[in-house]
Amino acid sequence: MAARRGQAGFTLVEVLVALVVMSVGMLGIAALYLEGLRAGRTALYRTTAITLAADMADRIRANRNAGLAYAGTGPGADGGCVNGAADCTAEELAADDWLDWSTRLATQLPEGAAGEIIVDAAAPVATYTITVAWPEIGQEEPATYTLTMQP
């Protein structure tokens, strides 16, 4: 009988241990990937909310005579302004702005997004607080962005 030589290579136990270690590492990478996707989605929604709030601030600055007509939660109404401020009152233009803005909120942010404008006319210069809120997956409270401005 010939002498038995030592075996070369890996045992089944070594292969299984290596497989378990690699599986744990891959699960960690998958969790990081999902967290990156969530953070990217949140950043996109926040950027959109900032842009929409700035858009409404610009509309308010362009229609300074509307005053309290911008206050509320929308969604506004069709004020019948065909050519902008040229053929309507400041209040009608504010209603058109609200309608357009709330439509953009609904189409560019997740379902359930809302906008609100609070007007503090008691100050020497009127102050407008524009708040955009939208639901985030995994959070009980909606995410918000608030812009305070004076026209």
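Tabulated data
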quantity	calculated
From ALA77, ALA114, residue being farther than 30 Å from LEU37 by Cβ and among the small types (Gly, Ala, Ser)	ALA77
Qualifying residue in the range 93-104 (condition: surrounded by fewer than 17 Cβ atoms within 10 Å (Cβ to Cβ), within 12 Å of the chain's Cα centre (by Cα) and among the hydroxyl-bearing types (Ser, Thr, Tyr))	no
Residue selected from the range 127-147 under the condition hydrophobic (A, V, I, L, M, F, W, C) and in contact (Cβ under 8 Å) with a residue 24 or more places away in the chain, by the criterion farthest from GLY112 (Cα to Cα)	LEU147
The lone exception for GLN150 - which of (1) touching a residue at least 24 places away in the same chain (Cβ under 8 Å); (2) closer than 18 Å to TRP98 by Cβ; (3) not aromatic (Phe, Trp, Tyr) it fails	(2)
Yes/no for LEU147 being modelled with pLDDT under 90, outside any loop (DSSP other than H, G, I, E, B) and under 17 Å from ARG61 (Cβ atoms)	no
Count of residues meeting criterion [assigned to a helix (DSSP H, G or I), over 15 Å from ILE130 (Cβ atoms) and at pLDDT 85 or above] in the range 76-107	10
Of residues in the range 138-150 being surrounded by fewer than 17 Cβ atoms within 10 Å (Cβ to Cβ) and over 15 Å from THR42 (Cα atoms), the one farthest from the chain's Cα centre (by Cα)	GLN150
Hits in the range 114-126 - residues which are of a type outside the set (D, E, K, R) and in contact (Cβ under 8 Å) with a residue 40 or more places away in the chain	ALA114, GLY115, ILE117, ILE118, VAL119, ALA121, ALA126
In the range 121-137, residue surrounded by the most Cβ atoms within 10 Å (Cβ to Cβ) [restricted to those that are aliphatic (A, V, I, L, M) and under 19 Å from LEU109 (Cα atoms)]	VAL132
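Let's see how each residue does on (1) more than 20 Å from the chain's Cα centre (by Cα); (2) modelled with pLDDT of 95 or more; (3) surrounded by 11 or more Cβ atoms within 10 Å (Cβ to Cβ):
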{"site": "SER23", "(1), (2), (3)": "yes, yes, no"}
{"site": "LEU27", "(1), (2), (3)": "yes, yes, no"}
{"site": "GLU35", "(1), (2), (3)": "no, no, no"}
{"site": "ALA39", "(1), (2), (3)": "no, no, no"}
{"site": "LEU52", "(1), (2), (3)": "no, yes, yes"}
{"site": "ALA71", "(1), (2), (3)": "yes, no, yes"}
{"site": "GLY74", "(1), (2), (3)": "no, no, yes"}
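The values are calculated or read from the model by the stated rules, or taken from the named source; none is laboratory data. From a predicted model like this one, the values you see are computed outputs, not experimental measurements. Cβ coordinates were reconstructed from backbone atoms using ideal geometry, including for glycine residues, and neighbour counts include every protein chain displayed.
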